[in-house]
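The values are calculated or read from the model by the stated rules, or taken from the named source; none is laboratory data. This is a predicted model, so every value here is computed, not measured. Neighbour counts run over all protein chains shown; Cβ positions are idealised from the backbone, glycine included.
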Amino acid sequence: MTNKQSKLPSLEESLSEISTLIDKMEQGELTLEQSLGQFERGITLVKHCHRILEEAEQKVQILIQNQQQDTLVPYGENNKEEGQ
């Protein structure tokens with residue numbers, strides 16, 4: 001594992017890096033080995049982002065429970081009700 005793979009950036013930095021990796025791979029100028037390395041880094045970043053988002057969701061659920069609310073309402077459902 002390289003230093004770049006072991007250092008996990010913030011969510012925003014991870015998403016930016018994933019976008020850059022995709023752009024590089026779509027250009028088609030990388031060797032197979034380089035593409036696999038970029039893909040591996042991308043998978044690591046996606047998993048890292050998923051963990052960050054799960055932790056944030058857990059924090060939100062704890063805060064809501066502390067406010068005596070039992071369930072989360074998905075964001076899209078709130079917007080549908082307001083728009084109607």
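The residue list Glu82, Glu57 contains one member that is out of contact with any Phe, Trp or Tyr (no Cβ under 8 Å at 6 or more places or on another chain), at pLDDT 80 or above, among the charged types (D, E, K, R) and in a helix (DSSP H, G or I), which is Glu57.
Whenever a residue of region 54-66 is without any contact (Cβ under 8 Å) to a residue 60 or more places away in the chain, its partners that are part of a helix (DSSP H, G or I) and not β-branched (Val, Ile, Thr), lying with C-beta atoms within less than 9 angstrom and at least six residues away or across chains, give the pairs Ala56/Leu11.
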